[in-house]
Every structure is written in C-alpha cells, then in structure tokens.
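See below for the structure under consideration.
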Amino acid sequence: MNEQQDQSREQPRGEPVNFASPSEPVNFASPSEPVDFASRGEPVDFASFDELVETLARWSGSLPEWPPARAVRAEWEQIEPRLDRARRELSRMLVVGVIGGTGTGKSTLVNALAGCDLSPAGDIARPTTINPVVVAARDVDLSWLPVEAMNARVVRSDAAAVANIVLVDCPDPDTQTESRHHGGQATHSPARPSDSNHNRDLLEAVLPACDVLLLVSTAQKYRSWVVAREVAAFAPGRPLLFVQTHASRDPDIRDDWRRELESQGFVVPRIFRLDAVEAATRTAAGLEPDAGFRELVEAIDVELVGRAARRVRRTGSLDLAGWFLRQSQESLAPLRGPVAQLAAGVASERTRLEGILARSVDSRLRASRTAWQRILTGEIVERWHGGPFASFLHVVESIIAFWPRMRAAGGGLITRLLSGQPSDIIPAGQGGWQAVEELGLSAAEVEQSRSILCGLSARARLAEPLVGRARLDESRVAATVGTLLERTAAWLSSGIDRLVADRRGRIDGPVFRWVCEALFSGLLVAVLVRAGWNFFVGHLWQGRVVDGGGFLQEALVWVILWGFLLRWIAFARVRVGLDSDIQTLVARLPQAHLTDPLLTDFAGAADATSLFIEQGDRLSRDHETLMSRLTEPSGGLGRLRGDSR
Ligand SMILES: Nc1nc2c(ncn2[C@@H]2O[C@H](COP(=O)(O)OP(=O)(O)OP(=O)(O)O)[C@@H](O)[C@H]2O)c(=O)[nH]1
Ligand SMILES: [Mg+2]
C-alpha cells in the first residue's frame, strides 16, 4: 500500500464545508490558497514559501564537491519528500501519533477518545501494546496510510473526537525489544533505545506517517523517558501535543515537564492534564467529561480539523524548512572561520606574489634604459617628418638601429616587449617556471603560497577537485605559466604603450617641433650664409683665396654636433621623469590581478564556499521573514525549535 492514493479517499463524516476537496490538486501557490489564509488573517504568501523551497533545493545542491555542502544536500534529500508530500496532501485529514513510555496510558487515552476499548490497555503485561493500533472513523478510506508497513491493526470508531483525525496508538519504543527478548513476559526493563532495537524500526515506519505527535507522560516517567532521543528525529515539522495522564493519582508536573522539554529544544505552549480512566468512565456513563479531557478534545477539534489541518501542514512545512536551515547553519558554523581565513589567505598570498612580480617588473623596466631610449626615440622619429632636423633624426636613427636591435633579439618578456617583438610568443621549451623567472615568480615562491593555502583549505574541509596541491603538476604549470605570461604581456604592452604615448605627447607639439627645426635650420642657414659670404664677399670681392672644402667639413661637423645636441635635448625631455612613470605603471599592477592564475583554484573555492554560507544565511533570513508573517498556529500545539538549551 502506498501513500499516494490519498487524493481518492472519502470525505470524513461531519467534515466542515470549507475543507478543500480531496481531488483538487493542492499547491501552496494555487490561487485558492490565499483566500483560505486571508480568511484566517494569516498574511503568508505561500508562493513565497514555494519559492523558498525551490531556492533551498537549488542551494543545497549547489556545491556538491564540498563535503559540508554535501551533508546539507543529504539532509535536504530527507526533508524534501516530506515537504513535497505535505504540499500534495494539504487537505488530507491529520494522523495523530500517540507516543510515550510504556504504561503512561497511551492506549487508555486512545480508548477514551475513541469512546470504547479498541486498544488493549492494562497492567497485566508491560508493554501492553505490541503493534500500533490505528483508530479511524468508520467511513474514512485509509488506503493512503501504509498500514502494512506500520505492522498496524486498524479499528473503527464512531466517536466525535476521532471523526476527523486518525489516531495511532504507538508501542513504546523503549521496551518492546526487551519484552520480545524475554518471550513476551511482563518485564518492566529500563531498556535503552539503540539502533538494533526493533521498535525503532517500527517507530520509523509509524512516525513518518504521522502529521502530529501526541506525547503522553506521567509524573513517574516524564524525566526518565527522554523524548528528544526517541522523537527528535521525527519531531521537526510535526506539531506536538503534550498530555500528562493519571491526573487523579499524580501531582501536577506540568511546569517541571515544560522546563524539561524546553531544555530539549521544544516549544511548549500548553500541556494538557487529564485522567484517561476517569474520562473513559464518564464517557461510558454518558456524563460530561472533566475539564482536562474536554480541553484536549476541543484542542483536537480546533487545532487539527478542517482548515486547521491545512494550517498545521503549512506551518509544519515552514517549521521543517526552518529546522533544516538551522541544522545546516549549525553544521556550517564551525566552517565560517576557516572559510573566511582562506579568503583572507588568498588575498594576502595574492598580494605577496603581486609584490614579487611588481618588484621584478619595476627593476627590469628601470634597468632597460637603452630599450626605453630606443622605443621613445623610435616613436618620436617615426612621427617627425618634413624638416631638416627631422631628416637628421631619421638618418641618425637608421644608422644606430642595427646594433641594439640585434642585441635585443631573444631575451625575456620585458626585453622583447620593449624591443617591439611580439609578446605572445613563449620561446620553445620555456613553458615551465623558467619562462616567468624574469618576473620573479619561481616555483618555490608559488609553492610557498600554495602550501599555505593548502593548509587553510584543509581546515575549511576543501580538497581536490575544488583546490589543487601545493606543487602544480607539469601540465598545470605549463597552462598556468602560459596564462600568466599572456596576461602579464598584455598588461605590460598596453602599459608601455600608454606610457610612451604620454611621453611622446610632451614633445610632439608643433611648437617644440618648430623650435627644434628652427634651431637646427638656423645653424644650417648660418653655415650657408657664412659659406656664401666667404665666396662672394671674401673671394670675389676682396680677392681672398678660397679655403677649399675645409670650411665645409668644419661646418658639417658643427651641424652634426648641433643636431646631436638638439636631439639630446629633445630626448632628454622625453626621458625626464621616466622612473616615476614606471613607478606609477607598476603601482597599477595589483588591479590587473596578474598572479590570479597561480591561485585561481583557492580563490574560486574560497568564493564558492563563502557564497554557499552567505546564501544559507540569506535563506534563513527569508525563512524568518516568512515565519514572522505567520501568526502562531495555535495556543496548544508545540513544536521542536531545534536548538536545545
Ligand atoms: N488512574 C489512571 N490510570 C491510568 C491512566 N491512564 C492509564 N492508566 C492505567 O495505567 C495502566 C497502563 O495503561 P495503558 O494505557 O495500557 O498504557 P500504555 O501507555 O498504552 O502502555 P503500553 O501499551 O505498554 O505502552 C492501565 O492499568 C491503565 O488503567 C489515567 O489517566 N489514570
Ligand atoms: Mg498501550
């Protein structure tokens, strides 16, 4: 028998008209829902709850590689079917499981509620109830209840108290094994719950089918029967009723019991106190029930029947989701510190490696004076055309271009970039650490950072595949170094371009250019005028002997020297402040996150785990908001808050 046929059972007798039709597909977000809730003044939008459930499902499965997140997922997989079932069976009548220590009067109470002796009760043998007894109204179809799996006996009752609920008289999980072990003899042994206990299995079959748990205890049993131990696993999301029996015989222990329960994490708004034997007697005699029993019957009617049943399920679902969130938060709590430390560790190791890279780049750039000179002069000369000084510069440039270029061939990344060679070529056989040695990033430096982060990861329970090892294997070294080089080259070449463009702008103005041209041309004109004067005035007019090519040679030397002086002044202007510009360029290096590929696995893991924890916090807040919008379900129903004090 399975639980899915609940949609097709009969409408119970005396069912209030507002009870939703069983065949109606029920969903928290269905349009009919808000009407029901609005009428009760409960402003919870259950579409929001559906959304929360969906987000919880997504969140719990979002980081399966992280063991703590996997544990959260495993917990969710236990919870989800119950939430789903509660949603599908929103309008089905509630199953109330009566549980408690042996001899506390569970069967007597069930009989009192059922109005006749349906479940054997007494003192002849302990425990009296061996198998669960299911009490339901005569016309209620129980095909949805896993009676066989529960090993239960079904009995029918016409009593009003059980007209709209299904009662299950559960055997005491503490004792059944012991009694069976002793051949069913009446032994009142203080057996302890254990996983080998057959009754735990039985309870595990019965309790999942129960929507509400009715805890029965007595003045003698309420301390020794540790409710949390037996029921805690099933209590989340299940409203609870607490009943002290034997009222005619025992003192009132409700205050003390409440404290006991509260210390176990239960919310206990109310404890009923009644005498089941007396109640049964009065019912049989057709007398008015006494106050305690009447209050319980009324509470069942008000809190568990009709619309209240729907509310119980909804509240229970919300409670269950909250319980799951609290459990998750609790299990993630010890990891908050380590995850934050890992994130901080990634940041500090990143800064350390960036510092190493920045220092190397800085010293390399400063040391490459010749290369800077060449790149800057090359840039300027390329742009200067059409004047005698420009022509002089071009001639000088083409003469000196050979030697330094040849020397610059090969070399490291910075040398290649400054000599205008393509930066994207990693020389053959240099895929390993030696390719980035020039940048100061040796295998030892990187391994030092990675081993620190490995330690922090282990504390945050992060391992492969989320994070790698301290020492990268060859293929990863090649890939990482390749990416690092690529990024550094791209960043450096754009930085160098910007720097060069900036410096070029200082002398590229027409005024400076024309001043240089004028000064250079001035000497040329002076030489020509002097030569013309010598020839025309000195030789032809005054009859002096022409001094041949000597003057021209001398003039040429002066022109060249003057040209070089002007060239030096022009380039000096470009060079002034180069060091501080390099410093500015290098200061921007951290923003480029160039060393990220070296620690990318740790950074990714720290981000993913922090995000997982943050999302859990956000979901808890969302849940709290939903809970705060839900008015307390009732004055009588307790619940497991989850955090025992
Ligand atoms: N005076 C008094 N006696 C009660 C009350 N409830 C139960 N008893 C008696 O306590 C004894 C045990 O009651 P049961 O109902 O069999 O207890 P149980 O919890 O079902 O016990 P198990 O089936 O063994 O788990 C019986 O003799 C009952 O008559 C009560 O409220 N008042
Ligand atoms: Mg019993």
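Each value in this text was obtained by applying a stated rule to the coordinates, not by laboratory testing. Keep in mind that what you see is a predicted model, and the values were worked out from it rather than measured. Backbone-built Cβ (ideal geometry, glycine too); neighbour counts: all protein chains shown.
The figures follow:
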read-out	value
For the stretch 617-622, Karplus couplings with θ = phi - 60° (6.51, -1.76, 1.60), whole Hz, Gly/Pro x	5, 5, 5, 5, 5, 4
Where labels lie 7 Å past Cα in the beta-carbon direction, separation of ILE569 and GLN553 in nm	2.9
Cβ-based net charge around LEU462, under 14 Å, with every Lys or Arg adding one and every Asp or Glu removing one	+2
Relative contact order [Cα under 8 Å, 6+ residues apart], the stretch 335-612, whole percent	35
Residues SER248 and ARG223, FRET efficiency given R0 of 22 Å [Cβ-Cβ distance, rounded to 0.05]	0.60
Calculated FRET efficiency for the pair ALA233/ASP579, C-beta based, R₀ 60 Å, to 0.05	0.25
Neighbourhood charge, 13 Å Cβ-Cβ cut-off, centred on LEU118 and excluding it, Lys, Arg +1 and Asp, Glu -1	+1
Computed FRET value (nearest 0.05) for ARG621 with ASP84, which takes r as the C-beta separation and R₀ as 22 Å	0.40
Net charge, THR600 excluded, C-beta distance under 13 Å - Lys, Arg +1, Asp, Glu -1	0
Stretchable slack from GLU298 to HIS394, in nm (0.36 nm times residue separation minus alpha-carbon distance)	23.9 nm
Using θ = phi - 60° and Karplus 6.51 cos²θ - 1.76 cosθ + 1.60, couplings along the stretch 475-492 (whole Hz; Gly, Pro as x)	5, 6, 4, 4, 5, 5, 5, x, 5, 4, 5, 4, 5, 5, 4, 4, 5, 5
Separation of the ALA443 and ASN131 label points, Cα + 7 Å toward Cβ, nm	7.2
Cα→Cβ-extended label distance, 7 Å offset, between GLU486 and SER348, nm	3.2
Extension reserve of the ARG459-THR281 stretch, reckoned as 0.36 nm per residue once the Cα distance is removed	57.7 nm
Residues with amide H under 5 Å from that of ASP275, placed H, sequence gap 5 or more	ALA247, PHE293
Additional length obtainable on full extension of the chain from ARG498 to ARG270, 0.36 nm per residue less Cα span	74.5 nm
